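Reviewing the structure listed below.
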Protein chains: 2
Amino acid sequence: MDRNNHVDYVIRYSFADTDTQKAIDQLERLLRRLHEVGLQSEVREADESSLFVFVRASNTKSLRHAVYQSRIRDWLHGVRNTEPEQESEAEPQTEAERLRVIYHMITVPREAGGAGIIPEYGEWKNVTAVFPLHDDETNKECMRDWSSKTFLTPEDLDKIRNSFGESVGFYFAFLQSYFRFLMFPAAFGFSCWILLGSFSTIYTVVNALWCIVFIEYWKRQEEDLSCRWQTRGVSLNRPKRLDFKPEREVRDARTGEIKGVFPIGKRMQRQLLQVPFTVVAAIGLGVIIATCFAIEIFISEIYNGPFKGYLVFIPTILLSALIPTMTAVLVSVATRLNDYENYETQFAYDAALTQKIFIINFITSYLPIVLTAFVYLPFASYIVPYLDVFQLTVRPFVSKEHATTARTKFSINPDRLRKQVIYFTVTAQAVNFAQETIVPILKQRFAQKYKEYQRNRNKPVDDDSTESETQRKSRDIPFQDDPNETKFLNRVRNEADLADYDVTDDLREMCIQFGYLALFAPIWPLVPVSFLVNNWVELRSDFFKICIECKRPWPQRAETIGPWLESLGFLSWVGSITSSALVYMFSNNDTAPDGQPSTIKGWALLLTIFFSEHLYLFVRYAVRAGMSKLEPPNVRKERTERYMMRRRYLESTLLTRSASDDDESEAEQPPADADSGVDLSQITRKTLEEDAREWTRHGTDPAEKFWQRQKGWRESAHVASAIVRELTSHSAKESKESKKEL
Amino acid sequence: MDRNNHVDYVIRYSFADTDTQKAIDQLERLLRRLHEVGLQSEVREADESSLFVFVRASNTKSLRHAVYQSRIRDWLHGVRNTEPEQESEAEPQTEAERLRVIYHMITVPREAGGAGIIPEYGEWKNVTAVFPLHDDETNKECMRDWSSKTFLTPEDLDKIRNSFGESVGFYFAFLQSYFRFLMFPAAFGFSCWILLGSFSTIYTVVNALWCIVFIEYWKRQEEDLSCRWQTRGVSLNRPKRLDFKPEREVRDARTGEIKGVFPIGKRMQRQLLQVPFTVVAAIGLGVIIATCFAIEIFISEIYNGPFKGYLVFIPTILLSALIPTMTAVLVSVATRLNDYENYETQFAYDAALTQKIFIINFITSYLPIVLTAFVYLPFASYIVPYLDVFQLTVRPFVSKEHATTARTKFSINPDRLRKQVIYFTVTAQAVNFAQETIVPILKQRFAQKYKEYQRNRNKPVDDDSTESETQRKSRDIPFQDDPNETKFLNRVRNEADLADYDVTDDLREMCIQFGYLALFAPIWPLVPVSFLVNNWVELRSDFFKICIECKRPWPQRAETIGPWLESLGFLSWVGSITSSALVYMFSNNDTAPDGQPSTIKGWALLLTIFFSEHLYLFVRYAVRAGMSKLEPPNVRKERTERYMMRRRYLESTLLTRSASDDDESEAEQPPADADSGVDLSQITRKTLEEDAREWTRHGTDPAEKFWQRQKGWRESAHVASAIVRELTSHSAKESKESKKEL
């Protein structure tokens, strides 16, 4: 039995703040539209102010038509290589394809043949969600299966793709590749940690090389997967973004279509606003982080007054309060900027937003360590005296002598850097895991409890005897379910309340994690070990998150992990700069008595960076050139298929050609072969000359005459042999003569 | 009248060192092969030991078939968007297409439907050339026309492409774009030269920006041209290289083809040899250049002994003797290396060779200036004392005191850098022009004279009276031409003796020139002015060279200028390093009394380079991102065409669909509409529940039951409105009640 009752999609319609009649009219329109595109619907209650419309593509004919159309479109855009089968045979091959096609049937505008119901947009503001139902059994089976496995097989990834679409599939494939690739630096890092300690040059070089190889490998892998999943080229054919505001309408002279246009120059001008945005973000976050950092140093290493035990927590509290606030502000500014940039496709919009948010993430994630490594450790002895400013704040509470005596004893704490890296790569990862997986469950539980509590509180003042009765009724009126359906409907209600899943967040997390490895791994070679462990859990917990804590996403197609690939490359490049600088600054270990690394020379540091960066770029170029020649198996398969298709086609045209050849050759060949009947021995150059002269008299085109000297190839061959004989004998005679002379 | 007598190709067959009978047999085979593929041929004498086979595609049917086949192939490989017209209508659109197709008919292996006659390869060692004849009138017309024009129009470029093919067309298009783009830096450089002098920061920044914009612009332009000339994607479909030596044969399991395979890993290992090659080349050339440089400095600025006036020429003589020798040796090593790398396609082979030769060119062209700027000027005072070694050589001829007194007066000559740049960008360009254009003409004249002289000398010892007679005869025997053809055949003989044209050399020259601009322009801001003048001449003289001094090349297709684009990008990148370093080192002008720039600090220099380079890379990224959004007109046109094709196709499928829809809709619609006949007011939730219970008894699939509660969308709508009414009234009652309570 199908636990989902054959439901393909659930549309949640909320009429909380809408006029009753308007809501009824709109619901009727919604149901009619669904019917018109060939979808079956059933209505049930959802909660006090919303209802579910269950949608099912029972009319296999219209589904088949939609599948066929989508395949034709793919074929025309070059996503598929072969012209699709007949419409009557167009069955969705995977659940993801089925769900994607039905989602398009529901949401695509009516002009394009869909029902035009776009959640929370335009006239459909009341449609709060359109989502498929989780396939609990498959999900549970996967979770059980994977918890005992080290690596996912390609078939496991196919499973994810089949139920959640290629976009999610790509995330898991990336996570899996990344995890597999981490084995090597984890093992190598562990050995280096034991044998060489921190800041080892060998480890740094190997690590940078690993980053390059991993990124290039993943590019190949992406290509391979996009062939395996038949999504190659989908990103070229993205639908228009709904919020795109064209500046003017332009009628294409050739296609006759009227198209909204927004001038690229104008968008580029608007994009220039990213520069001040980046500066403001860097300064805003930088100031917060640097200040908290300074306070922390002041309190933990200079200040010696009372309450030190409590005061050390001040910077942490400040940071955890200010950074998320500032980030939220910046993200909202970034979103506004992005809206203002007015992208034409949702894809371009998302990519641009991702890029902006990446800048914020970059600063919040890496700036603390950069400050410690490149400001605190080398320059602390110059900066610390200026921390006197904090002393002014402290003075009211503590006598001046108390603090000053402490200052003379100040020395740089070289272990701070390592501790910080461990914090970010171990502690923070664990905290993040908890926040992502455990907190939402608790939150959800709490929300349910609170809802129940609210409902109970609404009816507390009736007389005591009927309370339980009314209470029961108050819950029952909204949910007059058929007893057979209660269980199912409750499950749907639960799923409808879950959060939306966004694969971008998970990708960002991985990207930031990769950054720690690329930028700071030499500080603590165990970084990859920690990530290896973390990512084994991460893969499973992310799958758990999608299945249990989020609505099932509608299956989107993708051929890459999108703008993150570029971010990975950027991080690995920056890593070549930071890690070489770190190694130069801290590898010699002979710190001065006050903890300051003794002999950092500006020019030597810069020269190290210069060489390391250019070596990095050169190696990257070489690896890229090398890897680009390796053809992943599925790419080869696709190429072979395309080749076969071409060959079949060419052969068929050649066949028709040679058949027609045969027909006509009889009419054509004879004159050519006829001249073979002429007695060739009779042809001398003289007779030919005569022929030519004869033709001249007939007054044909003189250019044509040139071609009439030799009739057919046999005559030409004869003349050729005559010439060769004549000339060779002539030169032989000549050389004989010249010999004679001697 | 056609001055070329309708000759499409001339095949020169040389039988100098071949057995007469063998030559005759082979000639017969050659002529038969040509006949078999449908080409007409005529044989004439060429000179004492070779003859011409004139080839013409008079059989329009086989030419049409070849054109049709080439178009089908293009279409299958995505070069053309539309399926080609019928074979009977396949006419070559341009002369280049006609010549290209005929060349393929002659050279393509017999299995693939050609005659398999490949000049100087395999059994056809005696075929020394296969070339088309120049279209003198068109060429002369172009030369006349262009000599009075500043810019070539796109139509002019089309003309070049139509007669010499896309590969040559791309070179001229590049030269034209480069020339046009040079206007700006020339004007700006001239103003800077007057207002700011050398080493101006503004000029340097503008120059670097110009380089970025130019390269990105050219990329767009390339795309545009490849659409205009319909060659987009041709580089993906390159024929196998003939000299490719597969390691083993592999049978493809799917296509069933047997294919020669050479493992990529093995080739990559062989490619690693490029590293020692580069090192050796750099050291070899570097030592020569540095030594000559040191000798020059010693003689011109330290040495004060006798013969100074003559000795100053020693380094120049040494350089012009040693550098070409060394270069020739290195090029031959590079070619060997390239052969060893065993590329599969000619295209890959050429690209790899180009890259190797570019390294050599890079060193010989730029190292002298680099030495002056970054070694001589900053470090001369440290290095010059070591030049004593030369003193040892001089000592036998001159008293020690004489030289030593001079040394104390040594001071750096800061003007040397500027003079050197002027030499390379003005003098060398002019010399090069002379070498390329005037020298070959003289050489050719001389060769003709020499040939005549040789011929005369062969018969000098006959008796005086008959000398003139014999002489005439000795020239006449080999050339028994028809008097009507004499003029034409002499022209063909001349053309056959011309050199082969290779577009790579011209591209290399431009690329190296661009390098001077990118790397060293701040030294002398008039560099672009000189190049502007030079390139106006260059464009015309290169065209002259192709038309007059070279055999007409067979028209090759191309969609880019190939590996040179990468070289341009590389030079512009290196330019961001060198020019910022030059500006930092020499812009302050306060040189110490001994001519040494006073205050160069290592860290400041490196910091300048670091910032300048990263700024460059960032700007390049931004410009690239911006430019990639601009769509060149022909690309847009192509896209529109593709779109139209798709739309037509989609519309036709949709039409058939909607037609079949109409047929079946009558059978399908009724049940859906039938339920509208039911009196909806009669449907209450209760009756529905009852219906449901009834169905339950029938024991259908419980999942199906879920979908049978509401029959058709109208019932669903009815139920929906019932739910909305019920819930809203309920909540209204509730809120009323809660109000009552208050």
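Take the residues of segment A:239-253 that are loosely packed, with under 13 Cβ neighbours inside 10 Å and in contact with an Asp or Glu (Cβ under 8 Å, 6 or more places away or on another chain): which is nearest to the other protein chains (Cβ to nearest Cβ)? Write out each step before concluding.
Kept after step one, since they are loosely packed, with under 13 Cβ neighbours inside 10 Å, are these residues of segment A:239-253: A:242-243, A:245, A:247-251, A:253.
When the remaining residues are screened for being in contact with an Asp or Glu (Cβ under 8 Å, 6 or more places away or on another chain), the result is A:243, A:251.
On the way: A:ASP243: 19, A:ARG251: 13 Å.
Among those residues, the one meeting the criterion is A:ARG251.
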>> For segment B:1-45, which positions are assigned to a strand (DSSP E or B) and within 9 Å of chain A (Cβ to nearest Cβ)?
In response: B:TYR13, B:GLN40, B:SER41, B:GLU42, B:VAL43, B:ARG44, B:GLU45
> Within segment A:314-344, restricting attention to residues that are surrounded by 17 or more Cβ atoms within 10 Å (Cβ to Cβ) and hydroxyl-bearing (Ser, Thr, Tyr), which residue is farthest from A:MET268 (Cα to Cα)?
Replying inline: A:THR327
> If we scan segment B:566-589, do we find a residue that is within 24 Å of B:ASP136 (Cβ to Cβ), in the same structural domain as B:ILE194 (by TED's automatic domain parsing) and among the acidic types (Asp, Glu)?
Replying inline: no
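Which residue, of A:THR291, A:THR278, is surrounded by 14 or more Cβ atoms within 10 Å (Cβ to Cβ), assigned to a helix (DSSP H, G or I) and within 14 Å of another protein chain (Cβ to nearest Cβ)? First the steps, then the outcome.
Working: A:THR291 fails: within 14 Å of another protein chain (Cβ to nearest Cβ).
Of A:THR291, A:THR278, the one residue that is surrounded by 14 or more Cβ atoms within 10 Å (Cβ to Cβ), assigned to a helix (DSSP H, G or I) and within 14 Å of another protein chain (Cβ to nearest Cβ) is A:THR278.
Condition check ((1) modelled with pLDDT of 85 or more; (2) touching a strand residue (DSSP E or B) at 6+ places or on another chain (Cβ under 8 Å)) across all residues:
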position	(1), (2)
B:VAL261	no, yes
B:ARG267	yes, no
B:ALA281	yes, no
B:PHE307	no, no
B:ILE317	yes, no
B:THR325	yes, no
> Does segment A:348-363 contain at least one residue that is assigned by TED's automatic domain parsing to the domain that holds A:ASN432, farther than 29 Å from A:ARG557 by Cβ and either out of contact with any Asp or Glu (no Cβ under 9 Å at 6 or more places or on another chain) or buried (at least 16 other Cβ atoms within 10 Å of the Cβ) (or both)?
Replying inline: yes
>> For segment B:46-58, give me each residue that is under 21 Å from B:ASN4 (Cα atoms), of a type outside the set (Lys, Arg) and within 8 Å of chain A (Cβ to nearest Cβ).
In response: B:LEU51, B:VAL53, B:PHE54, B:SER58
>> Tally up the residues in segment A:198-214 that are surrounded by 21 or more Cβ atoms within 10 Å (Cβ to Cβ) and either under 15 Å from the mean Cα position of the chain (by Cα) or not aromatic (Phe, Trp, Tyr) (or both), please.
In response: 6
> For segment A:486-508, does any single residue satisfy the condition of being in the same structural domain as A:PHE179 (by TED's automatic domain parsing) and of a type in the set (Gly, Ala, Ser)?
Replying inline: no
> If you scan segment B:18-64, which residues turn out to be within 22 Å of B:SER88 (Cα to Cα) and free of Cβ contacts under 8 Å to residues at least 24 places away in the same chain?
Replying inline: B:HIS35, B:GLN40, B:ASN59, B:THR60, B:LYS61
>> Under 6 Å between Cβ atoms, which residue pairs at least 6 apart in sequence (or on different chains) link something in segment B:226-249 that is under 28 Å from B:ARG636 (Cβ atoms) with a partner that is of a type in the set (Ser, Thr, Tyr)?
In response: B:ARG232/B:SER226; B:ARG238/B:THR345
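State yes or no: is B:PRO306 surrounded by fewer than 19 Cβ atoms within 10 Å (Cβ to Cβ) and outside any helix (DSSP H, G or I)? Before you say what the answer is, go through the steps one by one.
On the way: surrounded by fewer than 19 Cβ atoms within 10 Å (Cβ to Cβ): yes; outside any helix (DSSP H, G or I): yes.
In short, yes.
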>> Can you pull out every residue in segment A:67-90 that is surrounded by 15 or more Cβ atoms within 10 Å (Cβ to Cβ), more than 25 Å from the chain's Cα centre (by Cα) and away from chain B (no Cβ under 11 Å)?
In response: A:VAL67, A:ALA90
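Search segment B:95-146 for residues being among the small types (Gly, Ala, Ser) and within 26 Å of the chain's Cα centre (by Cα), and hand back the single one that is surrounded by the most Cβ atoms within 10 Å (Cβ to Cβ). Quick ask: steps written out before the conclusion?
First pass over segment B:95-146, keeping only residues among the small types (Gly, Ala, Ser): B:96, B:112-116, B:122, B:129.
Those left that are additionally within 26 Å of the chain's Cα centre (by Cα): B:96, B:129.
Values: B:ALA96: 25, B:ALA129: 21.
Ranking the qualifying residues of segment B:95-146, first place goes to B:ALA96.
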>> Pairs please, first residue from segment B:66-87 and closer than 12 Å to B:ARG232 by Cβ, second anywhere and part of a helix (DSSP H, G or I), Cβ atoms under 7 Å, 6+ apart in sequence or on different chains.
In response: B:HIS77/B:LEU236; B:VAL79/B:VAL234; B:ARG80/B:ARG71; B:ARG80/B:ASP74; B:ASN81/B:GLU638; B:ASN81/B:GLU641; B:ASN81/B:ARG642; B:ASN81/B:MET645
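The values are calculated or read from the model by the stated rules, or taken from the named source; none is laboratory data. Because the structure is predicted, anything quoted here is derived from the model rather than measured. Virtual Cβ from ideal backbone geometry, glycine too; neighbours counted across all protein chains shown.
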